[in-house]
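K.L.:
Next up is a structure, given as structure tokens.
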Amino acid sequence: MQKQKGRGRLAGLRELGVVFALLLPALPAAALSFGIDTNSPSQSDFHAVAGDMTAAFDYKPLEPSDAGGVTGFALGAYGSYAPTRDSGAWSRLTGDPSDQIGVAGVSARKGLPFGIDVGGFYGWVADTDAHVYGGDLRYAVLAGSALVPAVALRASYTGASNLGDLSYRSYGVDASVSKGFPFLAPYAGIGYVWSTIKADGQYHLESESIDRVKAFAGLRLALGPLETTAEYERLGGNNVYDLRFGVSF
């Protein structure tokens, strides 16, 4: 029995690797640059670009609110698609009229005692050399049951590398609620994000601080250890669409 269980887990991990390999090429391909391509960049254009980056890079929950438990462990591969709000601002600042930002990556979560979970992710920004990464700490205020929904609080951090002339970091908090049904777990939440985006000093741009409310809703479909989660997020005026495939033990 133990050997069969081990083989099942290995098969799940192999499937996860295949899914991730397919996710990145499937993201929208478009010109995208984080290098400033003008001698007199506009602060307003930089502000618009900073807002789009925050929506695309901020921590994505992509899970219901229930705690994983001390023995719980989950792995996943995800893709995220965020349309930009002002492709003209991107064109004037970077020389590329970007109208979308795609990210694909891997994520992991481990359950701890007392309803606490810790998670992290690492992602690749499509059509660039940029990477995003982050982590979160989540506390299940209510564990949830057949009659009572699960409620959780989260704190998160996100950073990025290889952004050319720009740098990015953000912090976030959110509260979420979910209700489990056979095979399905809908969830929703609301939170707040604080991000800081800086440009290379030679461009004489002030750093942008983007502080915005975010709301999100999603649905997880679970068949045994295999999970599929679709999520919609609204951060300020930006829309973000996410999809995750994972396995949990």
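Values quoted throughout were computed directly from the atomic coordinates according to the rules given, and no laboratory measurement underlies them. Here the structure is a predicted model, which is why all the values come from computation and not from measurement. For neighbour counting, all protein chains shown are included, and Cβ atoms are generated from backbone atoms with ideal geometry for every residue, glycine included.
K.L.:
Can you put Asp45, Asp200 in order of Cβ neighbours within 10 angstrom, beginning with the fewest?
P.N.:
Least to most surrounded, the residues fall as Asp200, Asp45.
K.L.:
Moving on to the next point. Compute the angle between helix 43-57 and the longest alpha-carbon principal axis of the chain, please, reported from 0 to 90 degrees and rounded to the nearest 10.
P.N.:
That helix lies at roughly 20 degrees to the long axis.
K.L.:
Tell me the angle of helix 2-26 to the major Cα principal axis of the chain, expressed in degrees between 0 and 90 and rounded to the nearest ten.
P.N.:
The two axes meet at around 20 degrees.
K.L.:
Here's another thing I want to ask about it. At 7 Å along the Cα-to-beta-carbon direction for both Ala175 and Leu226, put a label point, then send me their distance in nm to one decimal.
P.N.:
3.7
K.L.:
Which FRET efficiency value, to the nearest 0.05, do you get for Leu219 and Ile116 by plugging their Cβ-Cβ distance into 1/(1 + (r/R0)^6) with R0 = 25 Å? Display every interim value, and only then the final one.
P.N.:
Details: r = 24 Å, r/R0 = 0.98.
Step by step, r from the Cβ atoms, then E = 0.55.
K.L.:
Another one. First select every other residue whose beta carbon is under 13 angstrom from the beta carbon of Tyr139; then total the charges, Lys and Arg +1, Asp and Glu -1.
P.N.:
Numbers: positive: Arg138, Arg154; negative: Asp66, Asp117, Asp136, Asp174.
Around Tyr139, the charge tally is -2.
K.L.:
Taking Cα centroids, how far is the range 138-169 from the range 59-90 in Å?
P.N.:
Comparing the Cα centres of the range 138-169 and the range 59-90, I get a distance of 9 Å.
K.L.:
I would also like to ask the following. Under 8 Å for C-alpha pairs, at least 6 residues apart: give me the relative contact order for the chain, rounded to a whole percent.
P.N.:
Numbers: 661 pairs, mean separation 52.3, N = 249.
Relative contact order here is 21 percent.
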